[in-house]
Amino acid sequence: MTGSFLAGVGGYLPTRIVSNDELAMTIDTSDTWIRERTGIIQRHIADDRETAAFMGAAAARAALDRAQIGIANVDAIIVATSTPDQGFPSTATAIQAQLGVTKGFAFDISAACSGFVYGLSVADAMLRTRQCRAALVVGTEVFSRLMNWQDRSTCVLFGDGAGAAVLTWDDETDDASGRGIISTHLHADGRFGDILYIDGATGQSTKPQKLVMNGREVFRHAVGKLSDAVEEALHANGLTSADIDWLVPHQANLRIIDAMGKRLNLRQDQVVVTVDRHANTSAASIPLALAEAYADGRIKPGHLVLIEALGGGLTWGAALIRA
């Protein structure tokens, strides 16, 4: 049998690091308040040079280097972002230009924090139908430019960064037991679009764009919907939580991450956590966490990796990957 394979992952984080203590100098908050509620210690904040395209291209280069795949082999670029550098052209085509890719196709996906899972699913489907042979899936976000820096309930939660994965077609892959993308499971429910959104979106308002979130409602939906998506993925493949080697969740809040790990009966050391150092980088958070876990050797060939995310829309989804 054949299948799509995660050949390499890479990440990029802005140079500037902002600690909780630094935030506490300008808003009514404290390191203790932020840590206890979110698990976040610091976040990276982009400078003027570090655009969504710049960071996405840097993460893509790192992923290609790890995969040992040349630029000339890339024929698809799918970018998940809620913070594009402009309305159009897409961030994907900007990354395409920065990488020097001159063939294939490129487009953006807007699914908020679930964007990387959505992008992975789309790329996997395109590889399976032979519309491409090597695809870059990039999550890149500059949420710092959407923050109300006087609102401590939201501005402490987010950070900037980019992560990328290279998917290739492997004619030797066995979808059932070999390496590769085993399955992806996507969902959305627009009835809950008012609990997490960007106010003042382009084309709808002249107001400055700012992120708005009802944290209590997001938390309430997150654990239930993510648990359902994870159970769907496991059931579809005749697996149980005991088969999972690694949970690589969207890094939104340590309480949500811990709740998911407990529901799956996973040990803490089976859950990849970066939210403490990166904060919530939205669509970039899963590929950044994957890049770290692959680079430090935690994820090894043959390991079963579960990823899951929920974001504004609401959108959510899960995927199973055999490393």
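Derivation of every value follows stated rules applied to the coordinates shown; laboratory data play no part. Only a predicted model underlies this, so the values are computations on that prediction, with no experimental measurement involved. All Cβ positions, glycine included, derive from the backbone under ideal geometry; neighbour counts span all protein chains shown.
Here is how the numbers come out for the structure above:
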item	result
Cα gyration tensor, segment 1-97 - rounded (a/c under 1.5), prolate or oblate	prolate
Neighbour-count order for Ser183, Ser90, Ser285, fewest beta carbons within 10 angstrom listed first	Ser183, Ser90, Ser285
Additional length obtainable on full extension of the chain from Ala97 to Asp21, 0.36 nm per residue less Cα span	23.5 nm
Euclidean distance between Cα centres, segment 272-300 to segment 225-253, Å	17
Distance (nanometres) between label positions extended 7 Å along Cα→Cβ at Arg130 and Ile71	2.9
Likely footprinting exposure, Tyr118, Tyr294, fewest C-beta neighbours within 10 Å first	Tyr294, Tyr118
Max mean-square fluctuation residue, GNM over the chain, Cα-Cα springs under 10 Å, options Ala76, Ala24, Ala188	Ala24
Options (i) 0.95; (ii) 1.32; (iii) 1.01 - which one matches Rg/Rh (Cα atoms, Kirkwood Rh) as calculated here	(i)
Choice from Val138, Val273, Val223 with maximal GNM fluctuation in the chain (Cα, 10 Å cutoff)	Val223
Computed lengthening from Arg298 to Asp243, 0.36 nm per intervening residue step minus Cα-Cα distance	18.2 nm
Ordering of 259-268, 244-253 by burial proxy (mean other Cβ atoms within 10 Å per residue, highest first)	244-253, 259-268
Net charge, Asp228 excluded, C-beta distance under 13 Å - Lys, Arg +1, Asp, Glu -1	-2
Rel. contact order, % - alpha carbon contacts under 8 angstrom, at least six apart, the chain	26
Listed residues Asp85, Asp276, Asp28, most fluctuating in the chain (Gaussian network, C-alpha, under 10 Å)	Asp28
Neighbourhood net charge (15 Å Cβ-Cβ; Lys/Arg +1, Asp/Glu -1) for Thr93	-2
Whichever aspartates and glutamates have a C-alpha closer than 12 Å to that of Lys103, once near sequence neighbours (fewer than 8 apart) are set aside	Asp75
Ranking of Leu226, Leu288, Leu254 by count of other Cβ atoms within 10 Å, fewest first	Leu254, Leu226, Leu288
